[in-house]
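Computed from the coordinates by the stated procedures, all read-outs in this text should not be read as laboratory data. These numbers were taken from a predicted model, which means no experiment stands behind them. Because the Cβ atoms are built from the backbone with ideal geometry, glycine has one as well, and the counts that use them run over all protein chains shown.
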Amino acid sequence: MAHIDASHFSRDASVELSEALAKPASYRLLYFLVLSNGATGCGLLACGGVNWSHAVPADWKTKNKSPFQMVPLLYVTGENGKRRWSLNTTSPKSLVFWARTSTKKSIVKSLHSSSAAVQNAFVVTVTWNTPEGKAAHERHLIDNGNSSHYVGDKLSLADIRTANTIEYFAAQPESATLMAIVNKSAPLIKLRDTVAKHPKLVQWRSGVDYKGYFEGNRAFYANPTAFM
């Protein structure tokens with residue numbers, strides 16, 4: 001269990017801290033044992049093949065010590081031994097899932113934001129049974145030749161985010177109802193299956209840590225008040 005105190009931003013323009021981000025040696029992701037927003041960061045780190053680990057907050061109130069009273073927090077330790085944290089788990093330069101050209105990067109960011117909005121809305125209510133949202137993602141996948149990727153023929157942040165959103169639904173107590181909706185979309189299922197076959201992601205998901213996330217997810221959403 002991890003204790004944090006990052007309730008304030010560092011205003012110090014430290015050259016050493018900048019060097020730590022420019023030349024990272026390892027990452028540590030702080031998040032609860034649920035398949036929510038933190039799981040996308042785990043997927044990125046796993047697929048990126050970097051040296052990383054995860055930490056679980058000591059208790060639910062621990063997140064109140066973060067800048068916006070929320071997690072995940074990504075701690076980056078540089079080759080110089082300096083350590084700093086970041087609110088954004090999609091930004092490390094060593095994780096090249098943004099696509100190669102500025103145009104494609106823009107598309108990836110838009111698709112990632114869309115899936116993120118769907119998942120965030122689900123925290124309050126179930127939303128991905130809206131035909132407009134599902135049809136939009138199907139259209140973008142089909143526009144790319146139905147190759148099971150949103151952009152080009154390589155894994156991107158958008159692919160990982162949408163696949164993680166589907167895994168999030170599959171780990172809910174009411175997963176049968178939710179997945180009955182998702183399973184009607186052949187392009188989305190194809191994307192999910194393709195991401196799941198990434199060798200490094202297979203390795204991550206076959207471990208004890210990921211199984212803990214999956215089981216913790218079901219326990220949390222079956223009775224959220226028990227965790228508060």
(request) For ALA25, list long-range residues whose amide hydrogen, built 1.01 Å from N in the peptide plane, is under 5 Å from its own amide hydrogen. (result) THR77, GLY78, GLU79
(message) Using 19 Å as the Cα-Cα cut-off, could you pick out the over-long pairs in LYS104/LYS134; LYS23/LYS105; LYS23/LYS63; LYS23/LYS200; LYS154/LYS197?
(response) LYS104/LYS134; LYS23/LYS105; LYS23/LYS63; LYS23/LYS200
(request) Note the full-extension length gain between ASN146 and ILE189 as 0.36 nm times their separation in residues minus their Cα-Cα distance, in nm to one decimal. (result) 14.4 nm
(request) Could you work out how far the C-alpha centroid of the range 166-209 sits from that of the range 139-164, in angstrom? (result) 14
(message) Can you work out the Karplus-derived ³J(HN,Hα) for every residue in the range 46-51? Use 6.51 cos²θ - 1.76 cosθ + 1.60 with θ = phi - 60°, whole Hz, and x for glycine or proline.
(response) 5, 5, x, x, 8, 7
(request) Using amide H atoms built 1.01 Å from N in the peptide plane, name the residues 5+ places from LEU73, or on other chains, whose amide H lies under 5 Å from its own. (result) LEU30
(request) Taking amide H positions as placed in the peptide plane 1.01 Å from N, state which residues far from HIS54 in sequence (5 or more) or on other chains have amide H under 5 Å from it. (result) LEU29
(message) Rounded to the nearest angstrom and ordered from largest down, what semi-axes does the equivalent ellipsoid of the range 148-228 get from its C-alpha gyration tensor (root of 5λ)?
(response) 24, 17, 10
(request) Rounded to whole Hz and in sequence order, give me ³J(HN,Hα) for the range 165-173 from the Karplus expression 6.51 cos²θ - 1.76 cosθ + 1.60, θ = phi - 60°, writing x for Gly and Pro. (result) 4, 5, 4, 4, 5, 5, 9, 7, x
(message) From the phi angles alone, apply the Karplus equation (6.51, -1.76, 1.60; θ = phi - 60°) to the range 217-222 and give each ³J(HN,Hα) in whole Hz, x where the residue is Gly or Pro.
(response) 4, 5, 5, 5, 7, 6
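What Kirkwood Rh does the range 102-197 have if only Cα atoms enter the pairwise 1/r average? Answer in Å. Mind dumping the intermediate values first?
On the way: mean 1/r = 0.0753 Å⁻¹.
When all Cα pairs of the range 102-197 are included, the Kirkwood radius is 13.3 Å.
What order, most packed first, do the peptides 37-43, 111-117 have when packing is the mean number of other Cβ atoms within 10 Å of each residue?
Details: 37-43: 24.4, 111-117: 18.3.
In descending order of packing, they fall as 37-43, 111-117.
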